[in-house]
Amino acid sequence: MNLDLPRVPIGPTIEATIDFLVEHLAFATRAFSAVADQGLRFLESTMMAVHPIILVVVATVLVFFLTRKRGVTVFTFLGLGLIWNIGLWSAAVTTLSLVVVATLIAIIIGIPLGIISAISDTVYRIVRPILDFMQTLPAFVYLIPAIPFFGLGRVAAIFATVIFSMPPAIRFTNLGIRQVPKELTECADAFGADRWQKLIKIQLPLAKTTIMGGVNQTVMLALSMVVIAAMIGAGGLGGEVWRAIQRLQPGAGFEAGIGIVILAIILDRVLHQLATKD
Amino acid sequence: MEKIVLKNVVKIFGDSPKKALHMLQEGDSIAEISKKTGNVVGVADVSFSVNEGEIVVVMGLSGSGKSTLVRCINRLFEPTSGGIYVDGQDVCALGTKELREFRRRKFGMVFQHFALFPHRKVVDNVEFGLEIQGVDKDQRREKAEKSLEMVGLKGWGEKYPGELSGGMQQRVGLARALALDPDILLMDEAFSALDPLIRRDMQDELINLQHTMQKTIVFISHDLDEALKLGDRLVILKDGAVEQIGTSEEILTKPATEYVRKFVEEVDITKVLTAETIMKKSEDVAYLGSDGPQTALRKMKKNAISSLFVVNRDHTLAGILFVDDVRRLADQGETDLEKAMRKDIKTVSADTPAHELFPIMQDISYPVAVVNEQNKLKGVIVKGLLFSAIAERGGE
């Protein structure tokens with residue numbers, strides 16, 4: 001039997017909303033577009049301007065000074081060398097640029113949001129379900145609204161990546177600040193600290209490790225999303241994988257996949273070290 | 001002068017404090033209020049005042065509302081009703097900004113679990129309050145170093161709190177509060193987390209510091225021994241309400257309620273009773289220079305004692321006379337008492353605890369003289385007096 005109930009108009013509502021936003025938020029999308037595009041161009045052109053070998057060495061030295069660990073340093077040297085060797089250098093540079101730009105935007109928005117939701121329970125009650133929703137929605141779905149806003153291409157990819165990778169930055173910041181022992185914030189209050197002093201002098205320094213954990217996750221999520229975003233024209237290592245799928249070239253697909261893994265491991269190790277330092 | 005005045009302070013935790021407050025005013029019990037409204041009464045109508053330079057210990061078991069009460073004084077907790085006045089200023093009437101200013105100027109606080117900032121060096125912890133006040137770097141470093149020196153931690157400034165023992169950490173906590181040179185110290189179970197031995201050291205140190213600082217101190221404790229030792233006066237709380245307010249002596253000898261009486265029974269009376277509380281003040285003495293042997297003998301006979309203390313004109317202790325010696329002196333026709341007087345006698349100060357009197361009195365056959373710093377005779381303790389004092393207060 002067919003119940004003659006009207007269909008709940010989720011799809012049409014979303015479309016109408018997106019149409020509305022595209023029309024009325026043009027200034028915002030244009031601004032985002034400009035920032036993302038300029039950032040990408042700058043990073044990419046800087047990294048491509050020097051010879052890969054120099055960059056490999058610079059990266060290796062940098063990793064050594066950040067981590068002080070021999071294993072990671074050797075891995076960085078060999079891994080990046082391999083990427084260059086198998087001809088994926090420019091793709092890797094693109095991917096890294098995408099990750100850096102997307103992560104920076106996600107952190108710049110995410111950490112303040114996390115701070116606000118740690119301070120205000122009301123904000124947290126609103127933000128939390130949105131974060132849950134964002135994290136459970138399949139990653140591909142983010143790609144769709146990105147297109148009407150920014151069209152196919154790298155800016156759309158960055159937009160989707162920012163949305164996808166921001167939740168941990170918010171969540172961990174919020175958690176880190178809320179985890180600061182009550183006696184310490186109470187002590188700051190007792191000595192007459194105002195909200196800002198309390199935040200800067202006590203809460204943020206003590207939440208640092210947790211916040212860095214969130215940043216680490218944001219970077220990792222950004223990396224995974226940047227690969228998926230190849231479907232809407234992000235290019236980079238993800239683009240190589242995407243092309244290999246379309247042309248049925250398992251070898252080329254694997255090479256690009258290994259390149260992504262190498263980047264992921266280096267980023268993770270370095271960030272982990274930064275988070276747990278002192 | 002009254003430094004802090006609390007008037008009918010009530011603190012209720014929960015979402016319908018008005019209803020709970022009304023019930024409290026109607027005389028309902030805390031348990032009843034909790035059952036009917038789900039609200040917890042932390043402090044129920046507490047009034048007392050703290051004089052300038054005085055240590056008042058707020059004492060009670062856990063859940064008695066003592067920590068809540070101390071947080072009401074600087075409004076870390078907002079009192080539900082009642083008034084709090086510091087130097088005549090109604091603390092509850094202060095706006096957010098004024099309150100912050102007030103906290104910076106008036107209060108130093110020391111916490112049970114130290115509440116040191118683990119990411120800051122010891123000296124930076126001590127500087128915290130000054131930093132909040134915007135004192136410039138050199139000046140606050142100087143004050144912090146001085147404060148660390150006061151608590152015996154000179155040279156430890158560059159360490160992190162985690163590298164210090166518990167007792168040292170709490171010294172840092174104390175130094176942090178003292179660095180501001182506040183009028184008032186709020187000490188919330190400041191020594192409770194320390195080992196008994198270190199706790200005693202810290203208590204002694206606080207008493208020493210207080211001699212020179214003369215701060216107004218509100219000290220929270222669950223330990224009656226500590227309260228009796230530190231407090232000029234005690235406020236005993238139970239279920240958020242005052243059971244008794246008084247000096248150690250009053251609490252021990254005249255417990256106002258059954259609850260206080262039971263509490264007091266647990267106390268080791270010999271540590272609390274001092275020479276001053278036991279001694280007899282109006283004992284007859286012989287005056288050197290004016291009294292002769294016959295007078296001395298008469299005084300002994302009158303009081304039925306076999307020895308008599310001798311004092312100089314200014315009432316400083318000169319020695320002791322024994323009846324046999326004086327009689328011999330009289331038989332020889334001498335008039336100068338000094339010839340029969342023994343000078344090498346044991347004396348104690350007024351604050352000597354009773355348990356230290358036992359070994360002293362065991363060694364000697366005559367009474368012990370209680371003297372002040374100028375060696376003036378304040379009183380006399382005989383063995384019988386010591387035992388009866390303890391039996392009377394401790395043996396019920």
Using the alpha carbons of chain B, what is the convex hull volume per residue in cubic angstrom, as a whole number?
179 Å³
B/A buried area, accessible surface, summed, 1.4 Å probe, Å²:
1800 Å²
Explain nothing, just the number: dipole magnitude of region B:48-270 about its Cα centre with +1 on each Lys and Arg Cβ and -1 on each Asp and Glu Cβ, in debye rounded to the nearest 20.
640 debye
Heavy-atom accessible area per residue - chain B, 1.4 Å, Å²
47 Å²
Cα-only radius of gyration and Dmax that characterise region A:1-120, units Å
22.4, 71
Carbon and sulfur %, accessible surface of chain B computed with the full protein complex present, 1.4 Å:
47 percent
Keeping all protein chains in position, work out how much accessible area residue B:266 exposes to a 1.4 Å probe, and write it in Å² to the nearest 10.
150 Å²
Where in chain A are the helices, taken as whole DSSP H runs, whose Cα atoms extend 20 angstrom or more along the long axis and whose Kyte-Doolittle mean reaches at least -0.5?
A:10-24, A:26-49, A:52-67, A:70-85, A:89-119, A:121-136, A:154-178, A:204-228, A:250-276
Would you list the P(r) distribution for region B:150-278, with all Cα-Cα distances sorted into 10 Å bins from 0 and each bin expressed as a whole %?
11, 39, 32, 15, 4, 0
Considering Cα pairs under 8 angstrom that are at least six residues apart, work out the relative contact order of region B:276-394 and quote it in whole percent.
28 percent
May I ask you to list the residues of region A:193-228 whose amide nitrogen lies under 19 Å from a point 7 Å from Cα along the Cα→beta-carbon direction of residue A:152?
A:226-228
Solvent accessible area, Å² - residue A:272, 1.4 Å probe, full protein context:
80 Å²
Select from A:170, A:74, A:104 the residue farthest towards the positive end of the dipole of the protein assembly as shown; place +1 on Cβ of Lys and Arg, -1 on Cβ of Asp and Glu, and compute about the Cα centre.
A:74
At q = 0.31 1/Å the base-10 log of I(q)/I(0) from the Debye formula over the alpha-carbon atoms of region B:1-48 is -1.16
Solvent-accessible ranking of A:166, B:150, largest area first, probe 1.4 Å
B:150, A:166
Whole-Å distance, taken between Cα centres, linking region B:209-248 and region B:277-343
42 Å
Trypsin sites (Lys or Arg not before Pro) within region B:100-172: DSSP coil, no more than 14 neighbouring Cβ in 10 Å
B:154
Using a 1.4 Å probe on the protein heavy atoms only, what accessible surface does residue A:23 show? Give it in Å² to the nearest 10.
140 Å²
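As a test of the formula, what do you get for chain A when each DSSP H run with n ≥ 4 contributes -39,500 (n - 2.57) and the sum is divided by the residue count, at 222 nm and rounded to the nearest 500 deg cm²/dmol?
Working: 12 runs with 228 residues, N = 278.
Counting only the DSSP helices, I get -28000 deg cm²/dmol.
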Can you sort A:48, A:134 by 1.4 Å-probe accessible area, starting with the largest?
A:48, A:134
Note the count of lysine pairs whose C-alpha atoms are less than 23 angstrom apart in chain A, limited to pairs 8 or more residues apart or on different chains.
9
Accessible surface, 1.4 Å probe, highest first, among residues A:202, A:260:
A:260, A:202
For region A:18-33 versus region B:54-82, the gap between their alpha-carbon centres in whole angstrom
56 Å
Does chain A classify as rounded, prolate or oblate by the C-alpha gyration tensor (a ≥ b ≥ c root eigenvalues; a/c under 1.5 gives rounded; else a/b over b/c gives prolate, otherwise oblate)?
oblate
Which entries of B:215/B:262; B:3/B:146; B:3/B:143; B:302/B:346; B:7/B:254; B:11/B:35 have Cα-Cα distances beyond 22 Å here?
B:215/B:262; B:3/B:146; B:3/B:143; B:302/B:346; B:7/B:254
Quick check: residue separation of residue B:365 and residue B:47 times 0.36 nm, minus the Cα distance between them. What number comes out in nm?
109.5 nm
Taking residue B:383 as the anchor, which aspartates and glutamates have their alpha carbon closer than 18 Å to its alpha carbon, excluding any fewer than eight residues away along the same chain?
B:276, B:283, B:284, B:351, B:356, B:363, B:392
Any idea which of B:267, B:326, B:180 is furthest toward the positive side of the dipole for chain B, if Lys and Arg beta-carbons carry +1 and Asp and Glu beta-carbons -1?
B:180
Shape call for the protein assembly as shown from the C-alpha gyration tensor, a ≥ b ≥ c root eigenvalues: rounded (a/c under 1.5), prolate (a/b greater than b/c) or oblate?
prolate
Here P(r) for region A:8-63, Cα-Cα distances in 10 Å bins, as whole percents, is 19, 24, 20, 16, 16, 4
Hits among lysines - C-alpha to C-alpha of residue B:159 under 16 Å, sequence gap 8 or more where chains match:
B:121
Using only Cα atoms, locate the centre of region B:153-189 and the centre of region B:1-34, then give the distance between them in Å, rounded to an integer.
34 Å
Mind pulling the per residue volume of the convex hull built on the Cα atoms of region B:48-270? Å³ is fine.
128 Å³
With a/c under 1.5 counting as rounded, go ahead and sort region B:102-147 into rounded, prolate or oblate using the C-alpha gyration tensor (a ≥ b ≥ c being the square roots of the eigenvalues; past the cut-off, prolate if a/b is larger than b/c, else oblate).
oblate
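The values are calculated or read from the model by the stated rules, or taken from the named source; none is laboratory data. Quick caveat, the model's predicted, so the values are computed rather than measured. Cβ: placed from backbone, ideal geometry, glycine included. Neighbour counts: every protein chain shown. In case anyone asks, the SASA skips ligands and DNA or RNA and just uses the protein heavy atoms, side chains included. Shrake-Rupley method; radii C 1.70, N 1.55, O 1.52, S 1.80 Å.
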